[in-house]
Amino acid sequence: MAERATPNSKTVDAPPRSCGDAGIPPRLTAAPIDVEQLRCQVGSELAGAVVVFVGTTRSKTGDQITERLEYEAHGPMATASLTLLQEEAVRRFSLQGCGIVHRLGVVEVGQASVAIAVSSPHRRDAFAATAWLMDRIKSSVPIWKREHAVDGSRRWVHGEERPGP
Amino acid sequence: MNNRQLAVMLFAGLAELVGHREVSLDWQGGTAADLRSALQNKYPAAASLLARSAVAVGERYCRDQDQVAVGDDVAMLPPVSGG
């Protein structure tokens, strides 16, 4: 894909790099998310703000009591899609750094299922970028969750909207 | 002929309803919308979820009018729920 011809896309599976490196590829991982490491990675001397969003597994949706969530992805497409979103966010909100990590597999209640960290010279852009990225992730990145209820029932969560870019 | 078979990856609730993570269709060529209809005919129990599913080739979403060919890396993506 021509749009992916960037430094980021070549290193999608590279291990996390040292503190302060703005070019962090997005990651899908079965391991718990190290939020502090992500925050550290997007830090920059040019940034006056770092905003970190952590999405966590909620125990209650309506009347249903959730025991755990399980995530599945179209891996290559989800990684490519997150890379494009990250690049667009950096341009659109003039970010210094941006990192996204999403869990796959089972995520217990209270654990982080997704984390986003962005840094920018001013806080408004960092807040806006984080909200924009979460909205886009929820509408366009091919990742799905399955709710496991305490009564043993399991249900894939699908909304009404057909996904798109 | 085997070379007219289109392999389609299925995910999440779609794989669950159809009972397979990948299915194979007789395919003479057609659009993404044609593919959705063909799958609805073959798997009526999943017709409603298929109607809300997107077709992807490789790492990109298709528009309904985009052509899908045998050998393409095709996936049906039901409404996403990451985050």
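The values are calculated or read from the model by the stated rules, or taken from the named source; none is laboratory data. All figures in this text were calculated on a predicted structure; none of them were measured in a lab. As a convention, Cβ positions derive from the backbone with ideal geometry for all residues, glycine included, and neighbour counts pool all protein chains shown.
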Hey, does region A:104-114 have a residue that's crowded, with 19+ Cβ neighbours inside 10 Å and at pLDDT below 95? no
Go through (1) more than 30 Å from A:Glu45 (Cβ to Cβ); (2) modelled with pLDDT of 95 or more; (3) more than 7 Å from every other protein chain (Cβ to nearest Cβ) for A:Val157 and report which single condition fails. (3)
Taking B:Glu59 and the conditions (1) within 11 Å of the chain's Cα centre (by Cα); (2) crowded, with 20+ Cβ neighbours inside 10 Å; (3) of a type in the set (D, E, K, R), which numbered condition does it fall short on, given that it satisfies the others? (1)
Residues of region A:66-96 being buried (at least 19 other Cβ atoms within 10 Å of the Cβ) and β-branched (Val, Ile, Thr), in sequence order, are A:Thr79, A:Thr83, A:Val90
Kindly provide the set of residues from region A:126-143 that are part of a helix (DSSP H, G or I) and under 19 Å from A:Arg27 (Cα atoms), ordered by number. A:Ala129, A:Thr130, A:Ala131, A:Trp132, A:Leu133, A:Met134, A:Asp135, A:Arg136, A:Ile137, A:Lys138, A:Ser139, A:Ser140
Within region A:103-125, the residues that are among the aliphatic types (A, V, I, L, M) and either part of a strand (DSSP E or B) or more than 15 Å from the chain's Cα centre (by Cα) (or both) are A:Val106, A:Val107, A:Val109, A:Ala112, A:Val114, A:Ala115, A:Ile116, A:Ala117, A:Val118
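From A:Leu95, A:Leu85, A:Leu133, A:Leu69, which residue is within 14 Å of chain B (Cβ to nearest Cβ), more than 14 Å from the chain's Cα centre (by Cα) and of a type in the set (A, V, I, L, M)?
A:Leu69
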Number of the exception - A:Ala128 against (1) more than 11 Å from every other protein chain (Cβ to nearest Cβ); (2) farther than 26 Å from A:Ser94 by Cα; (3) at pLDDT 95 or above: (2)
